[in-house]
Amino acid sequence: MHVISRTKLRNFCKKHADSCEALDDWYKIASKADWGDLLEVQTAYNQAEAVGNFTVFNIKDNKYRLVVSMNYENQVIYVKYVLTHAEYDKDNWKNDPYY
C-alpha cells in the first residue's frame, strides 16, 4: 500500500516522542502490505476498526489513534489524523466531510 502522507506521522512524532517507534512500525507494515479489505488489515492489526468511512488504528497500546482513509482498489492509505486518545474522544475528526 502507498501511504500518503508520512509527514503527518513525523509531525505528530515531534510532539509526542513516545509515539515514534509505534508509528514507524505501522508505516513499515502498512507500506509493504497488500490489503484487500478490513479483514486483511485486522490480520496485522486485530483492533483496527471501521468508523464511518475511515479505518482507525490503536497506536502505542491505545494511547494514540491513527485515522486513515483506505482505498483498497488503488492500494492507497491516506493518513487523515493522528490523535491522542483524548483528542479522538472529542469526535472533532468526525466533522471531516469524508467521514
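The values are calculated or read from the model by the stated rules, or taken from the named source; none is laboratory data. Everything quoted here is computed from the prediction, not taken from an experiment. Please note: Cβ atoms are built from the backbone with ideal geometry, for glycine as well, and neighbour counts cover all protein chains shown. For accessibility, only protein heavy atoms count, side chains too; no ligands or nucleic acids. Shrake-Rupley method; radii C 1.70, N 1.55, O 1.52, S 1.80 Å.
Which of the listed residues, Asn53, Thr84, Cys13, is farthest toward the dipole's positive end in the chain, when Lys, Arg count +1 and Asp, Glu count -1 at the beta-carbon?
Cys13
Roughly how many Å² is the accessible area per residue of the chain, as a whole number, for a 1.4 Å probe? Present the calculation step by step, with values, prior to reporting the outcome.
Working: 5860 Å² over 99 residues.
With all protein chains present, the chain gives 59 Å² per residue.
Ordering Arg10, Arg65 by accessible area with a probe of 1.4 Å, largest first, what comes out? List each step's numbers first, then the result.
Numbers: Arg10 135, Arg65 25 Å².
Correct descending sequence by accessible area is Arg10, Arg65.
Could you work out how far the C-alpha centroid of segment 63-99 sits from that of segment 28-59, in angstrom?
Their Cα centres are 12 Å away from one another.
Taking the full set of protein chains and a 1.4 angstrom probe, give the accessible area of Ser5 in square angstrom, rounded to the nearest 10.
40 Å²
Place a +1 charge on the Cβ of each Lys and Arg in the chain and a -1 charge on the Cβ of each Asp and Glu, then give the dipole magnitude about the Cα centre in debye, rounded to the nearest 20.
On the way: 13 positive and 14 negative charges, 97 e Å.
Here the chain has a charge dipole of around 460 debye.
Ignoring everything but the protein chains, give the 1.4 Å probe accessible area of Met1 in square angstrom, nearest 10.
Rounded to the nearest 10, that gives 20 Å².
Just to verify a number: what accessible area does Tyr78 come out at with the full protein assembly present, 1.4 Å probe, Å² rounded to tens?
90 Å²
Quick one: work out the % antiparallel among DSSP beta bridges in the chain, nearest 5.
85 percent
Over the chain, what is the relative contact order in percent, taking alpha-carbon pairs closer than 8 angstrom and at least six residues apart? Numbers along the way, then the final one.
On the way: 131 pairs, mean separation 27.2, N = 99.
Here the relative contact order equals 28 percent.
Suppose accessible area is computed on protein heavy atoms with a 1.4 Å probe; arrange Asp89, Asp96 from highest to lowest. List each step's numbers first, then the result.
Numbers: Asp89 90, Asp96 20 Å².
If we order Asp89, Asp96 from most to least accessible, we get Asp89, Asp96.
With all protein chains present and a 1.4 Å probe, how do Thr55, Thr7 order by accessible area, largest first? List each step's numbers first, then the result.
On the way: Thr55 10, Thr7 75 Å².
The ordering from most to least exposed comes out as Thr7, Thr55.
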